[in-house]
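Undergrad: Below: one structure in structure tokens.
Read the figures in this text as sums done on the coordinates, not as results from a lab. The model shown is predicted, which means the values in this text are computed figures rather than measured ones. Note that each Cβ is placed from the backbone with ideal geometry, even for glycine, and that neighbours are counted across all protein chains shown.
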Amino acid sequence: MNAKKLKIQWKQNIRKVPDRVLGKLKTLGGADLVVACAKKIKAADILAGAYTHVGLSIEGNKLIFPTRVMPDPRVGKFSRVNVHGKEIIRKDLPMLKKTRSFDSPNFGDWSKGSHEVSWTQDVYRRDFISPKELEIQIELIGKEVSSEDEIYVVRFCVNEVLKRGSTGFDEELLFNLNVLQENVGAADIYPSKATQDDYLKTVYVNWEILPPGERDATIAKILSGIKAPTDELKKKLAERYDLLAKLKPASFIRGTSGFNRYFGAKFKDNLVAFENLEYGNAIYVMFNEWENLSKLSRADLLRGERSGFTRIPHVTGWAKALQQEIAERNK
């Protein structure tokens, strides 16, 4: 149990159930649910060992994975409790008298025999919480191939169905969210009978609306969701923010559900501009059903009819082209 903790590249724990999950609970009504997520994972990250602890590897161009895995207790405190359980010191209860004893040699010489030494002290009561021994089910539900990397869409699900209204539901939900967050860097809830399509619909970008005029707070909010942002990325984000702010958007937007590097601005209900800060090779101006378009992968977006959006590559003059595009469509 004292084994060295594994090094994980994402935020490990959450102190309370996230607001987005609480909001989703309302929409699910009384349905039984599971803690799960659908995550896009780059082949490069798998090859670098970021998911070795859950058994992901690549052979050739094929993703190798177990269909279910017991979380490694070295990953984090919730994974450890899941496997080993834990002892709770009950400082809220009266202390107990406990007598301890051991054998001691007579006059310090065992050849002269021994005698028992006993003493009594006050101790706190202790409760042992048994391990839950939850497993994570793993399923490959999609794959994308681009010029930059292969990306696998993987479903991870904690194998426990949670029933709304049952005793301890809130605690069980938070525990399971933390187990998944520790192991794969994402956690969400779905109906226990959700289909593969239900997961695929949520794997692409969802958006959080951020108010304009709060530059530092907005930048800090975006950076808070990015693990170890580089100075270069921070500089790029500040530059993009300042550029978009000059165009007077109604609000700023950032990607959620594992897409924190998506950032942009919303000018009106049917006009947004955004880009991926990680790749940063183009900015997209969407003016027709942008919420649906943003859920498409870049490969699918560019493979289609290319209607409803304009792609502006980051080449000389791109900022002026963006300004003209927004001005024309924001009349």
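Undergrad: With a sphere of radius 14 Å drawn around the Cβ of F267, what net charge do the other residues whose Cβ falls strictly inside it have (Lys, Arg +1; Asp, Glu -1)?
TA: Numbers: positive: K246, K248, K266, K268, R329, K331; negative: D269, E325, E328.
Value of the local net charge: +3.
Undergrad: Using Cα springs under 10 Å in a Gaussian network model of the chain, which residue among W290, W318, W119 shows the largest mean-square fluctuation?
TA: Result for the chain, Cα springs under 10 Å: W119 fluctuates most.
Undergrad: Report the FRET efficiency, 1/(1 + (r/R0)^6), for D269 and K4, where r is their Cβ-Cβ distance and R0 is 30 Å, rounded to 0.05.
TA: Working: r = 52 Å, r/R0 = 1.72.
Once rounded, the FRET efficiency stands at 0.05.
Undergrad: Looking at the square roots a ≥ b ≥ c of the eigenvalues of the Cα gyration tensor of region 69-185, which shape do they give, rounded for a/c under 1.5, prolate if a/b is larger than b/c, or oblate?
TA: Prolate shape, in that a/c is at least 1.5 and a/b is the bigger ratio.
Undergrad: Could you work out the local net charge near D188, counting Lys and Arg as +1, Asp and Glu as -1, over the other residues with Cβ closer than 13 Å to its Cβ?
TA: With Lys, Arg at +1 and Asp, Glu at -1, the neighbours total +3.
Undergrad: Zone of E144 (label point 7 Å along Cα→Cβ, backbone N under 12 Å): which residues in region 150-187?
TA: From region 150-187, the list is 150-154.
Undergrad: Take the Cβ-Cβ distance between V315 and E289 as r, set R0 to 30 Å, and report the resulting FRET efficiency rounded to the nearest 0.05.
TA: That gives a FRET efficiency of 0.65.
Undergrad: Using Cα pairs closer than 8 Å and at least 6 residues apart in sequence, work out the relative contact order for the chain, in percent.
TA: It rounds to 17 percent for the chain.
Undergrad: What's the FRET efficiency of H84 with S57 using the Cβ-Cβ distance as r and R₀ = 25 Å, to the nearest 0.05?
TA: Numbers: r = 26 Å, r/R0 = 1.05.
That gives a FRET efficiency of 0.45.
Undergrad: May I ask for the Kirkwood hydrodynamic radius of region 1-143, worked out over all distinct Cα pairs and given in angstroms to one decimal?
TA: For region 1-143, the Kirkwood estimate is 20.5 Å.
Undergrad: Place the peptides 105-112, 32-39, 136-143 in order of packing, highest mean first, counting for every residue the other Cβ atoms within 10 Å and averaging per peptide.
TA: Numbers: 105-112: 9.4, 32-39: 22.8, 136-143: 16.6.
Most protected by this proxy first, the peptides run 32-39, 136-143, 105-112.
Undergrad: Mind checking which lysines have their Cα closer than 19 Å to the Cα of K227? Skip sequence neighbours fewer than 8 apart in that chain.
TA: Here the lysines satisfying the reach criterion relative to K227 are K5, K7, K11, K39, K40, K42, K235, K236.
Undergrad: Once both labels are modelled 7 Å past Cα along the beta-carbon direction, what's the A48-D231 spacing in nm?
TA: 2.0 nm
Undergrad: Then there is this: With labels modelled as points extended 7 Å from the Cα through the Cβ direction, what inter-label distance (nm, one decimal) is found for E116 paired with S166?
TA: Going from the E116 label point to the S166 one covers 4.7 nm.
Undergrad: Still on this structure, please answer the following. Please identify, among T67, T99, T202, the residue showing maximal mean-square fluctuation in a Gaussian network model of the chain using a 10 angstrom Cα cutoff.
TA: T99
Undergrad: Grab the DSSP H runs of the chain that are 4 residues or longer, score each as -39,500 (n - 2.57), total them, divide by all residues and round the 222 nm result to the nearest 500 deg cm²/dmol. Please list the in-between numbers first.
TA: Details: 10 runs with 95 residues, N = 331.
Computed mean residue ellipticity for the chain: -8500 deg cm²/dmol.
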